[in-house]
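A quick write-up on the structure given underneath.
The values are calculated or read from the model by the stated rules, or taken from the named source; none is laboratory data. Just so it is clear, the structure is predicted and the values come from calculations on it, not from any experiment. Virtual Cβ from ideal backbone geometry, glycine too; neighbours counted across all protein chains shown. Areas reflect the complete protein model, heavy atoms only, side chains present, ligands, DNA and RNA absent. Shrake-Rupley method; radii C 1.70, N 1.55, O 1.52, S 1.80 Å.
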Amino acid sequence: MKTEWDYTELADAYLQRPDYAKSAIDQLLTQAGVQAGDPVCDVGAGVAHLTLMLAAHGLQVVAVEPNDAMRANGITRTRACANVRWHEGTGEATGQPDQAFRLVTFGSSFNVTDRPAALRETRRILKPGGWFACMWNHRDLDDPIQSRIEAIIRESVPGYGYGTRREDQTEVIDQSGLFGPVQRIEGSVLHHQGIDDCIEAWRSHATLQRQAGERFGEVVDAIAAYLHGLGTDRIAIPYVTNIWAAQLKG
């Protein structure tokens, strides 16, 4: 199953992405009242970053992912997890049964859906009183290294923007009339990464790829040249995990 945005060529590079902040995920699960054994659905599960964290809490996780290459990597990474099952599907059409889950999560995937349609689908597959959550890891652009990388990007891609992934999701959730009130959860994570792995991670940056077009390789090469010029083998990248969570009404 394909979506408008095809992540096939980025699937391996996604393995270098950071995990979400443990403190934020722990707070989400407490807020949603889910416990070991509860069924949850991770939509747009990709290569299983969030799926693995949910599985580590003993939850019964159904991972839904439309892209074959991403899903294959996720299946490989969760092979030892008896409490994870994978399915092909999208945020708008998960292929899951009605009222099946206590929690439905979108880890860095809600922005690539038709968000109102994805919220309606989430309502359909949630148990009464269940919870919706969407989240992203945002680089701290006040960090000197990340600030310089941002400048490199904008030198080559004037008008570069992050779209809905850096927006406040409260309005679109409220407008659905299905969930509320929206709860905001944040947590910090410091991602230590080798320079070569960091460069590989940039090759998975779909937003940059779409906006840079034919210049994407050139931009990544410029980032690589800057990082290699730092004179170190590893860097620490500060991220903030931002979560918007809300309980199903009625």
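Brief remarks on what is shown
- For the range 155-178, residues that are under 21 Å from ARG210 (Cβ atoms), in a helix (DSSP H, G or I) and hydrophobic (A, V, I, L, M, F, W, C) total 1.
- Condition met for GLN35 (open to solvent by 30 Å² or more (accessible area, probe 1.4 Å), of a type outside the set (A, V, I, L, M) and closer than 14 Å to VAL104 by Cβ): no
- Number of residues in the range 187-246 that are assigned to a helix (DSSP H, G or I), open to solvent by 20 Å² or more (accessible area, probe 1.4 Å) and closer than 13 Å to ARG17 by Cα: the value is 3.
- The range 39-79: number of residues that are charged (D, E, K, R) and open to solvent by 30 Å² or more (accessible area, probe 1.4 Å): 4
Here's the yes/no breakdown for (1) in contact (Cβ under 8 Å) with a residue 60 or more places away in the chain; (2) on the phi > 0 side of the Ramachandran plot; (3) of a type in the set (A, V, I, L, M, F, W, C):
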residue	(1), (2), (3)
GLY95	no, yes, no
VAL104	yes, no, yes
PHE110	yes, no, yes
ARG115	no, no, no
ILE125	yes, no, yes
ILE153	yes, no, yes
GLY161	no, no, no
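- Considered as a group, the residues in the range 162-186 that are among the polar types (S, T, N, Q), surrounded by 12 or more Cβ atoms within 10 Å (Cβ to Cβ) and modelled with pLDDT of 95 or more include one that is nearest to LEU119 (Cα to Cα), and that residue is SER176.
- Any chance THR113 is touching a Gly at 6+ places or on another chain (Cβ under 6 Å), closer than 19 Å to TYR20 by Cβ and either buried (at least 22 other Cβ atoms within 10 Å of the Cβ) or modelled with pLDDT of 95 or more (or both): yes
- Within the range 126-154, if we keep just the residues that are among the charged types (D, E, K, R), part of a helix (DSSP H, G or I) and open to solvent by 30 Å² or more (accessible area, probe 1.4 Å), the residue that is nearest to ASP26 (Cα to Cα) turns out to be ARG148.
- The strands (runs of 3 or more DSSP E) found wholly in the range 16-125 and carrying at least 1 residues that are closer than 25 Å to HIS192 by Cα occupy 101-107.
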